[in-house]
1. Rounded to the nearest 500, what is the chain's calculated 222 nm mean residue ellipticity when only DSSP H runs of at least 4 contribute -39500 (n - 2.57) each, over all residues?
2. For the charge dipole of the range 55-179, defined by +1 on Lys and Arg C-beta atoms and -1 on Asp and Glu C-beta atoms about the Cα centroid, which residue among N107, G179, T91 has the Cα displaced farthest towards the positive pole?
3. Do any GluC sites (Glu not before Pro) in the range 169-238 lie in a DSSP loop with no more than 12 other beta carbon atoms within 10 Å, and if so, which?
4. Roughly to the nearest percent, how much of the accessible area of the chain is carbon and sulfur, given a 1.4 Å probe?
5. Averaging sequence separations of C-alpha pairs under 8 Å and six or more residues apart, then dividing by the length of the range 215-296, give the relative contact order as a whole percent.
6. What size of dipole, in debye to the nearest 20, comes out for the chain about its Cα centre when the only charges are +1 on Lys and Arg C-beta atoms and -1 on Asp and Glu C-beta atoms?
7. Can you list the lysines whose alpha carbon sits under 23 Å from that of K220, skipping same-chain ones fewer than 8 residues off?
8. Place a +1 charge on the Cβ of each Lys and Arg in the range 62-129 and a -1 charge on the Cβ of each Asp and Glu, then give the dipole magnitude about the Cα centre in debye, rounded to the nearest 20.
Amino acid sequence: MSKQTVLTGITTTGIPHLGNYAGAIKPAIKASLSSDVNSFFFLADYHALIKCKDPARITQSSKAIAATWLALGLDTDNVTFYRQSDIPEITQLSWVLTCNASKGLMNRAHAYKAAVQDNLDGGEQDGDKGVNMGLFSYPILMAADMLMFNANKVPVGKDQIQHIEMARDIAGRFNHHFGETFALPEAVIDDSTKILPGLDGRKMSKSYDNTIPLFDTEKKLKKAINKIVTNSLEPGEPKDFNDCAVFDIYCAFASQSDIEAMKVKFTEGIGWGFAKKELFELINEELKGPREEYNRLMLDTAHLESVLQKGAVKARAHSEPFMQEIRKKLGLGCL
Ligand code: TRP
């Protein structure tokens, strides 16, 4: 069997938190070590423009996300690691796909529909108020990201499944008209990595403001962990490890035997302070080394930039000729 292409991107508007690490980055790096996959990981900085008009924030986020991947041991010789906006063919393809995507399909995109609904719920007459065309066409740019590299498997969160289905739809339509060109991407939802809960027990997410920082100082990590919401059971009282954020986060980092031992401690009534202390020590042990490397990398912009440039050269070795081929199929750039 030929190698499968695995591809995923992170939008550059935030600083990675523990949920990004446990749910996306760590499993992606692990999977990239397998010899039967070609991995493409990228900074989705054009996607950032949809919701962020603050250049400094986008730059800082791009830097932090790049440093995070590298600090966690991504082998950039083995994978293609790049910045979306360094690959002009992606936006070229995005236009081509725009002309092959039906507007009705985009009308049904969850993110767009939610924005319209928010307007209507807020008493706005115009459902499209504040909706830019980037938000509306978001799934098309995302389709271009995937189709450009013939991605087969796309590890993402559940909220992105619809976008991948749309990409398949658009790719199928293109293939039908112009001949077999694009692989149809498939979403990969990893059930083994449970969604990490945040401080308040809901999914850890920037939008809920309940995240635990990944590479902030040790002190801040400890402080955040101490803020995880628990019930008010006293030390000595048996505690239920089901539906417990402290326990769920612990599980994302602990070995099976540590997990079993922690279950016993819960049943025996471990105090919340002690449980949190164990959680902190476990996470801190895993992150200590990468944190140092992250801090070092954040001061070495030149190195980060050169890694991304190396990735862009690798990515464009494919995207340039592929885009030429696509243009030819469309009757462009050839007389
Ligand atoms: N939309 C994705 C997110 O917000 C980020 C992204 C952009 C992406 N392009 C992609 C993910 C292509 C997978 C494949 O999470």
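1. Per the formula, -17500 deg cm²/dmol.
2. G179
3. E180
4. Numbers: 9050 of 17010 Å².
Percent of accessible area from carbon and sulfur atoms in the chain: 53.
5. Across the range 215-296, relative contact order equals 42 percent.
6. Working: 39 positive and 42 negative charges, 127 e Å.
It works out to roughly 600 debye.
7. The reachable lysines, counting only those whose Cα sits under 23 Å from K220, are K26, K63, K203, K206, K276, K277, K288.
8. The calculated dipole for the range 62-129 is roughly 100 debye.
The values are calculated or read from the model by the stated rules, or taken from the named source; none is laboratory data. This structure is a prediction, so every number in the text was calculated from the model and none was measured. Using ideal geometry, Cβ is built from the backbone for each residue, glycine included, and neighbour counts are taken over all protein chains shown. Side chains included, ligands, DNA and RNA excluded: accessible areas come from the protein's heavy atoms. Shrake-Rupley method; radii C 1.70, N 1.55, O 1.52, S 1.80 Å.
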